[in-house]
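Worksheet for the structure shown next.
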Amino acid sequence: MTARILIADDNLPVRLGLRRLLEKQPGWEVCGEAVDGRDAIQKSRELHPDLVILDFLMPCVNGLEAAHEINKTDPRVPILLCTIFLSEQLMEQARKAGVRGAVSKTDTGEIVHGVEALLRQQPFFVCSQ
């Protein structure tokens, strides 16, 4: 079975890089891309992904607010926060918003491990700072 992943990041090169990274993995496909938090909420409702990857700092609605809304609509969908601004405090706020994993966007290996863990219904929080 193919895992359908929605990527939400306001930076086009980052979205394209994440798409390439994820689609290299067998059984994973990117079902959509969102340019901000509001777009992520809407596309999550339309596309019904198996997993959502959210940046933290995005225009309109930030990643935590988007995670909260996505979680209210469909709490079964795991959300991975993928940001440069990762800290212990942000990870705690992310957990409260319904995020099940958080990784630094600079560590591609951890992004893959995070997606794998969340698809297995396991939490995955890694803060290298």
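Taken together, the values in this text are just the output of simple stated rules run on the coordinates, not laboratory data. All values reported here derive from a predicted model rather than from experimental measurement. As a convention, Cβ positions derive from the backbone with ideal geometry for all residues, glycine included, and neighbour counts pool all protein chains shown.
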Taking the chain and counting helices only, DSSP H stretches of n ≥ 4 at -39,500 (n - 2.57) each over all residues, the nearest-500 ellipticity at 222 nm comes to -13000 deg cm²/dmol
Going by the alpha-carbon gyration tensor, a ≥ b ≥ c the square roots of its eigenvalues, is the stretch 3-125 rounded (a/c under 1.5) or, if a/c is not under 1.5, prolate (a/b greater than b/c) versus oblate?
-> rounded
Added length on full extension, which subtracts the Cα-Cα distance from 0.36 nm per residue, L47 to R4 | 14.6 nm
Farthest toward positive dipole pole in the stretch 9-129 [+1 Lys/Arg, -1 Asp/Glu at C-beta], among L119, A94, L16 | L119
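What do you get for trypsin sites (Lys or Arg not before Pro) in the stretch 48-118 restricted to DSSP loop and a cutoff of at most 14 other Cβ within 10 Å of the site's Cβ?
Answer by residue number: R76.
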Global form of the stretch 59-124, assessed from the alpha-carbon gyration tensor, a/c cut-off 1.5 = oblate
